[in-house]
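Nothing in this text is a laboratory measurement; each read-out follows from the coordinates by a stated rule. Model, not experiment: these values are computed from the prediction. Heads up, the Cβs are rebuilt from the backbone with ideal geometry, glycines too, and the neighbour counts pull from every protein chain shown.
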Amino acid sequence: MVRAAVLASGDGARLQPFLDALYFKEIPNIELVAVICPQRDAYAMTRALNAGVPAYVVDPDLFPTNTSHSMAVANKLRDMDIELVILAGYGRPLGVIPYQFRNRIIGTVPFLYPAFDGTEGDVHRAVLERGIKVTGATAYFSDGDGGVGGIILQKAIDVKPEDTPETLGQRVMEKCEWKLLNEAVRLYCAGRLQIRGKRVVIREEEKDE
């Protein structure tokens, strides 16, 4: 079993579909040990507790710098013997965490990396302003700086003429990010992800004889 923890913030909109997938046993060979949030009143905490998952707060206001806060989170993860860290809408800098969990942090971004990487402000508004016809999301392993490292999966959807930044963002999250995160974690827990240089290779599923 892969011992995993989720880092989440805010309302937990990206956390709930993952919790649902675990409830319906769609991701075998995983034990979700904890959800860690930076805010005590985050609804992500409530979602975790409702699912029977222990939820912990590591409050950044108690630490002098982002680095010291990330060290506290990393220590909490190590104390719980976590193998896999899952980012589900985590709004804090990762700091030192990627150095201590190299190739063991999975997250998503709401665009087809590397397109629109580094965009300031609303990426969905930028997509619409540029007249892009196809957008989507990317599941990845975090690199040493906490950004997008090895790309695990990508999923695209069409941009509709009537889309607003809000409708497009909601559809990217529901149709792409939710599915990609669950599938990327499932592949990791099945031992099917291999890192070769900067590339992530998905091994074929072994067939029963």
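Quick notes
- Taking the fewest neighbouring Cβ atoms within 10 Å as the starting point, the ordered list for T138, T108 is T138, T108.
- Distant-in-sequence amide contacts of G107, defined by a placed amide H-H separation under 5 Å and a gap of 5 or more residues or a different chain, comprise L87, Y140, S142.
- Sequence-separation-based contact order of region 1-101, relative, with Cα cut under 8 Å and 6+ spacing, percent: 38
- Relative contact order computed over the chain (Cα-Cα under 8 Å; 6+ residues apart), in percent: 19
- Among (i) 54, 49, 36; (ii) 63, 62, 34; (iii) 50, 36, 32, the entry derived from the coordinates for Cα extents along the principal axes in Å: (i)
- Sorting Y113, Y188, Y56 from the fewest to the most surrounding beta carbons within 10 angstrom yields Y56, Y113, Y188.
- Karplus (6.51, -1.76, 1.60) ³J(HN,Hα), θ = phi - 60°, over region 123-130, in Hz, Gly and Pro reported as x: 5, 5, 5, 5, 4, 5, 5, 7
- Flagged links, alpha-carbon separation over 23 Å, of K175/K198; K155/K198; K76/K175; K133/K179; K25/K198: K175/K198; K76/K175; K25/K198
- Electrostatic dipole magnitude of region 1-101 [Cβ: Lys, Arg +1; Asp, Glu -1; Cα centre; debye, to 20]: 60
- Put a plus charge on the Cβ of each Lys and Arg, a minus charge on the Cβ of each Asp and Glu, and nothing anywhere else: the dipole of region 93-194 about its Cα centre is then about 480 debye.
- Kirkwood Rh in Å, taken over all unlike Cα pairs in region 1-101: 13.5
- Positive-pole candidate from L49, G136, V201, dipole of the chain, charges at beta carbon: V201
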